[in-house]
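The values are calculated or read from the model by the stated rules, or taken from the named source; none is laboratory data. Just so it is clear, the structure is predicted and the values come from calculations on it, not from any experiment. Neighbour counts are summed over all protein chains in view; Cβ atoms, including those assigned to glycine, are modelled from backbone coordinates with ideal geometry. What goes into the accessible areas is simple: the full protein's heavy atoms, side chains included, and nothing from ligands, DNA or RNA. Shrake-Rupley method; radii C 1.70, N 1.55, O 1.52, S 1.80 Å.
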Amino acid sequence: MSTQSTDLSEGKSDVLSEQTYAEIDQWLKKYPPEQKKSAVMAALRIAQDENKGYLTTDIISAIAKYLAIPAIEVQEVATFYSMYEHNPVGKHKICVCTNISCMLNGSEHILDYIYERLGIKPGETTKDGKFTLKEVECLGACVGAPMLQVGKEYHEYLTPEKVDALLSRLD
Amino acid sequence: MGDKKVTIEVNGQEIETQAGRMLIEIADEVGIPVPRFCYHKKLSVAANCRMCLVEMQAMREGMENPVVPACATPIGDGMKFYTKSPKAIAAQKGVMEFLLINHPLDCPICDQGGECELQDIAIGYGEGYSQYTEAKRVVKNKDLGPLIATDMTRCIHCTRCVRFGEEIAGTRELGMIGRGEHTEITTYLEHSISSEMSANVIDLCPVGALTSKPFRYSARSWELNNVDAIAAHDCVGSNIIVQTLHNKVKRVLPRENEALNEVWLSDRDRFSYLSQTHTERLETPMIKKGGEWQCCDWNTALTTLVAELDILVKDKKNTIGALLSPSSTLEEGYLLQKIVRGMGQHNIDFRIRQQDFSQQTLDPLYPHLGVNIDDISTLDAVMLIGSNIHKDQPIIGHRLRQAVLKNDTKVMAVSHRQYSFHFPVTENIIVHPQRIALQLAGIAKALLTLNNASAPTGLKEVIDDMLITDIQQKMAEKLQAAKRGHLILGNMIYGLEDYAQIRMLASLIASLSECNIGYLTEGANAAGLAIAGCLPHRKEVGKENNQDVGLHAQEMLSKTLDAYILLGIEPELDTLNPQQAINTLTASSMVVVMNAFVTDTMKQYANILLPISTPLETSGTFVNTNGMWQSFTGAVSPYKEARPAWKVLRVLGNLFELDDFDYRSSEEVKESIASKYTAEKFDNRIIWQEHLFENRINNVNNEPIRISDVPGYAIDAMVRRADALQDSLDMQIADKVLMNEKLAQVLQCHADNIVEVEQLEGSGKFIVAIDESIPDDCIYIPSAVAATTNLAAPFSTVSIKE
């Protein structure tokens, strides 16, 4: 009745596809059966990929149910890591680090310049659905500050010219 | 680790202790102050606030001394720490400055002001000015339900509330989402917290982010008077502090007692005080004259009462009965039975929700849990029979959960309804209530086989043809293997028609598996009232009166007596069969109601209404399920004309001119029982009664029957009038009828439809909910809620109409 919050009933729901469940199962095999929650990050990533790059509360609930852990625990993970999205995103996700090293090296100017070029602020997507801009925490590349990430690639020692070149390469 | 002794030095002071403990524990023990926010002795170490940084002597020559968090630094031999060195203080001040960056510093409008850990520590370690000139962050408040108010901008993310949910409450409802500056404490999709111990996060919160919603803006902590008291709503007897202002109860807080409630308190014990000023409080004595109610003074009320009863008593054929709440105090119970017995009668009972009294002479002196509450963690197997332990006795539920987590205790359950326990249940038998005895017989058979023992006389015929199920076999094996196994009879079991058989079988199982057995009971003082002699078959301290056994609760409520005295109960809610209780009482010519509250229903059957104190307004004693006698004083004076029930009963005793009624205080009343009482160690197991199974074990007919229990916030008059508790998620069940899909199809009931449930001559309207945890042929309808006051006893047939 009143246990919607703590309901640990296990099982599948129709929010995720059989394909997704099969992929999550691959990860579950790596952990002891009573430690299903170890697969939470992989499960979120797989589900996000399936759902055009972003998560919904339905997906989070479905994962919690499948891994038999409280939904709030899944939401904690999903909101802690900036790689998980909670709103629809563009084709290319530009993640600009604004943590200390990048900040000291002018990451703010990079953000300003992207705004000048694309007209989007952090958290926004261009009208054509091509680019999403994100402000992210340290990506472990302080040596190349200021830096940003698109897809799986890092772009370091950024200048407005480098940003121009990058944007023109992405389509 | 373990017992290895080591010596450390803190601020030059040598301390000998066990290796591996955290520095902060040792500092606390010897009284060296270390500031902290996230550390709490009852929770795991998070080390995320960094306020407890102290300087540690470097391990190697030439290395700079590090600063380390005292809460997360396990000590080893020869370690040296400085908690007040310039380096330690600089670190602490630095952390303080960061913590205050986003804190709103709105102490003047914050309820936590004056009892705030952040405020206290900021005085010691904060600066009078801030270097921070940027905008502070603002966090949206969360709706956590009717008990907990939130001001999330004040949160410093210590995560005590999150760890409490995971480690103590056992329901992980609060969490920390986001990261860095975007971190927020919240629930998933923002819902009310369902834990029955949720409000402990108010005490845990070191700032004003989580405060008491009912208390909000009503007083300042330093204005309040503290009175030590005992919680009045379960058989634990949690220790509490009642905080009052201008003779009003403002707040109730836990009082630390390691043997009972530790530092915790159930929400029920914390918020029941809200009923103190409920509109239904009875203000003055009242008498019904010619069908009209008239207010009167105490003198008139009591002399009328005595005159009326005296006439009845003179004729020896007349019968007078007294029914009292299992939460009445020892003193009240003792005086009431003394009056009843002074009139030459033995009709007194507090077991108002029990159905089967056939073996009452086998009852122990008082219902005892059979294991000390603080020893529950040493049990290695526990079988709960008919217990919703978390809602019925939240503190014992918590203790059992800790046993499961720390001692790997195996918990098994046999019940008529699947409860959501906050711990894993290894074996679960959920059956039609009339099959519970059969299930226990199956477990007993498995144990007999394991022990190569033959069945006791009378049982052989019953179990001969029985097949032992896998689950019964496993339960038997677990109990047999347990070094310290325990069976617990829960609140629901007393309402069953074959309670005597069930208890006998449970006792047999306990004997065969060399386990112990214990009782959990309704109310705060079932044990005390048994000792006080509030039983038809026993006088005070268990003296049997075999020649002259009085009527038990069901007898008193099934045939109308000439007069009734009702103390602290609302029979339309508190008895097993409300319909019958009301009919019986209405037919009686004299019903004296002693209660703190009054309702229209009460006015229908009562002839005299006497306003009495709530447990917060009277002195008295509760005896808990471990036999602990705990006395308390009234925190506030009684409401309007209400008087402590023991005083009213004392005066009544005098007016009836009964002997030995010259008590000047409740202590003297208690003393007169205590002087006759010798605490004895007893075994709850009972001697085999062969005749009990002559009629075999129940046969189930296939008609759907009503199953029931009392929701946690419906248990007594006070709790039912604590509005904040009534608004909680748990009470959403109050107007529901639950059944499984299979039965719903047979009865053609659909979820969310309103149906009329009929039982004998009464009916009630309920909303259908489909619940697969309800066994076949069972219809769950709660007891002790407004919608069921016209219904008859649970565990009998009902019919349902759309």
Problem set entry | Rg/Rg_ref, region B:395-451, where Rg_ref = 2.2 N^0.38 Å and atoms are Cα | 1.31
Exercise. For residue B:338, which aspartates and glutamates qualify as cross-link partners when the Cα separation must be under 16 Å and same-chain residues fewer than eight apart are set aside?
Worked result: B:310, B:349, B:540, B:544, B:548, B:657, B:659, B:660, B:662, B:668, B:671
Problem set entry | Centroid-to-centroid separation of region B:524-542 and region B:256-329 [C-alpha atoms, Å] | 18 Å
Exercise. When the Cα atoms of region B:732-802 are enclosed in a convex hull and the volume is divided per residue, what value in Å³ results?
Worked result: 80 Å³
For this session: Take residue B:132, project a point 7 Å from its Cα along the Cβ direction, then tell me which residues of region B:152-185 have their backbone nitrogen under 17 Å from it.
Result: B:152-159, B:179-185
Seminar exercise, completed: At the level of C-alpha centres, the distance separating region B:437-478 and region B:761-801, in angstrom, is 32 Å
Problem set entry | For region A:135-149, 3J(HN,Hα) per residue [Karplus equation, 6.51 cos²θ - 1.76 cosθ + 1.60, θ = phi - 60°, Hz, x = Gly/Pro] | 9, 10, 7, 3, 9, x, 10, 4, 4, x, 4, x, 9, 9, 10
Problem set entry | Karplus-derived HN-Hα couplings along region B:99-114 (A = 6.51, B = -1.76, C = 1.60, θ = phi - 60°), whole Hz, x at Gly and Pro | 5, 7, 3, 9, 6, x, 6, 9, 3, x, 10, 9, 5, 6, x, x
Problem set entry | Candidate aspartates and glutamates for bridging to residue B:140, where Cα separation is under 14 Å - those fewer than 8 sequence places away on the same chain excluded | B:151, B:181, B:184, B:190
Problem set entry | Three principal axis lengths of region B:678-727 [C-alpha, angstrom, descending] | 49, 49, 12
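Kirkwood hydrodynamic radius, chain B, all distinct C-alpha pairs: what's the number in Å? Write down the numbers at each step before the final one.
Working: mean 1/r = 0.0348 Å⁻¹.
So the Kirkwood estimate lands at 28.7 Å.
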For this session: Compute log10 of I(q)/I(0) for chain A with the Debye formula, placing one identical point scatterer on every Cα and leaving out solvent, at q = 0.09, 0.13, 0.19, 0.20 Å⁻¹, to two decimals.
Result: -0.39, -0.72, -1.11, -1.18
Exercise. Over the alpha carbons of region A:92-169, what is the largest minus smallest coordinate on each principal axis, giving the biggest first in Å?
Worked result: 34, 23, 22
Problem set entry | Whole-Å semi-axes of region B:670-802's equivalent ellipsoid (Cα gyration tensor) | 34, 25, 13
For this session: Quote the total accessible area buried by chains B and A together, excluding ligands, DNA and RNA, probe 1.4 Å, nearest 100 Å².
Result: 1900 Å²
Seminar exercise, completed: Check: C-alpha center region B:180-254 vs C-alpha center region A:64-78, spacing in Å is 28 Å
For this session: Compare each residue of region A:75-99 in its chain alone against the assembly with all protein chains, and report those whose accessible area goes down by 20 Å² or more; 1.4 Å probe, heavy atoms.
Result: A:75, A:76, A:79, A:80
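Mean residue ellipticity at 222 nm from the helices of chain B, using -39,500 (n - 2.57) per DSSP H segment of n ≥ 4 over the full residue count, to the nearest 500 deg cm²/dmol?
Details: 24 runs with 208 residues, N = 802.
Using -39500 (n - 2.57) per qualifying helix, the result is -7000 deg cm²/dmol.
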Problem set entry | Free-standing Cys, chain A [no other Cys Cβ under 4.7 Å] | A:95, A:138, A:142
For this session: Take the Cα atoms of the protein assembly as shown, build their convex hull, and give its volume per residue in Å³.
Result: 211 Å³
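Which pairs, out of B:289/B:640; B:213/B:391; A:37/A:91; B:314/B:559; B:410/B:742; B:445/B:483, put more than 26 Å between their alpha-carbon atoms? Intermediate results must be reported in sequence, preceding the final value.
On the way: B:289/B:640 23 Å; B:213/B:391 21 Å; A:37/A:91 30 Å; B:314/B:559 21 Å; B:410/B:742 31 Å; B:445/B:483 20 Å.
From B:289/B:640; B:213/B:391; A:37/A:91; B:314/B:559; B:410/B:742; B:445/B:483, over 26 Å: A:37/A:91; B:410/B:742.
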Problem set entry | Ratio Rg/Rh, restricted to region B:352-396 and using Cα atoms, in which Rh is the Kirkwood radius | 1.01
Exercise. Relative to the longest principal axis of chain B, what angle (0 to 90°, nearest 10) does the C-alpha long axis of helix B:394-407 take?
Worked result: 60 degrees
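Taking a probe of 1.4 Å, how large is the accessible area per residue of region A:3-80, in Å²? Provide the component values of the computation, followed by the final result.
Details: 3980 Å² over 78 residues.
Solvent-accessible surface per residue comes out at 51 Å².
What does the extension gain come out to for residue B:182 and residue B:660, with contour length at 0.36 nm per residue minus their alpha carbon separation? Each step should come with its number before you reach the end.
Details: separation 478, 0.36 × 478 = 172.08 nm, distance 7.03 nm.
Between residue B:182 and residue B:660, full extension yields 165.1 nm more.
Which net charge results when you count Lys and Arg as +1 and Asp and Glu as -1 among the other residues whose beta-carbon is under 13 Å from that of residue B:25? Don't skip to the end; give the middle numbers.
Values: positive: B:21, B:36, B:41, B:42; negative: B:28, B:29.
Once positives and negatives cancel, what remains is +2.
Apply 1/(1 + (r/R0)^6) to the Cβ-Cβ distance of residue B:105 and residue B:406, taking R0 = 45 Å, and write down the FRET efficiency to the nearest 0.05.
Numbers: r = 40 Å, r/R0 = 0.90.
Once the sixth-power term is evaluated, E becomes 0.65.
Based on the Cβ-Cβ distance of residue B:474 and residue B:691, what FRET efficiency does E = 1/(1 + (r/R0)^6) give at R0 = 25 Å, to the nearest 0.05?
On the way: r = 31 Å, r/R0 = 1.25.
Approximately 0.20, to the nearest 0.05.
Could you work out Rg/(2.2 N^0.38 Å) for region B:466-535, with Rg from alpha carbons only? Mind dumping the intermediate values first?
Values: Rg = 14.6 Å, N = 70, 2.2 N^0.38 = 11.1 Å.
So region B:466-535 has a normalised radius of gyration of 1.32.
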Exercise. Around residue B:533, which amide H atoms from residues at least 5 apart in sequence, or from another chain, sit under 5 Å from its own amide H, with H modelled in the peptide plane?
Worked result: B:541, B:542
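Per residue, how many Å² of accessible area does chain B show with a 1.4 Å probe? Working shown, then result.
Numbers: 30830 Å² over 802 residues.
About 38 Å² of surface per residue is accessible.
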Problem set entry | Crossing angle, helix B:298-314 versus chain B [Cα axis fit, 0-90 degrees, rounded to tens] | 40 degrees
Exercise. Going down the table (B:41/B:93; A:12/B:736; A:93/A:152), which pairs top 18 Å between alpha carbons?
Worked result: B:41/B:93; A:12/B:736
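Considering only the other residues whose Cβ falls under 10 Å of the Cβ of residue B:529, what net charge follows from Lys and Arg at +1 and Asp and Glu at -1? Walk me through the numbers before you get to the answer.
Values: positive: B:351; negative: B:332, B:349.
Counting the neighbours of residue B:529, the net charge comes to -1.
Viscosity 1.567 mPa s, temperature 4 °C: what is the translational diffusion coefficient of region A:3-80 from Stokes-Einstein with a Kirkwood Rh over Cα pairs, rounded to a whole number of µm²/s?
106 µm²/s
Given a 1.4 Å probe and every protein chain left where it sits, what share in percent of the accessible area of chain A is carbon and sulfur? All intermediate terms of the calculation are to be shown ahead of the outcome.
Details: 4750 of 9290 Å².
Here it works out to 51 percent.
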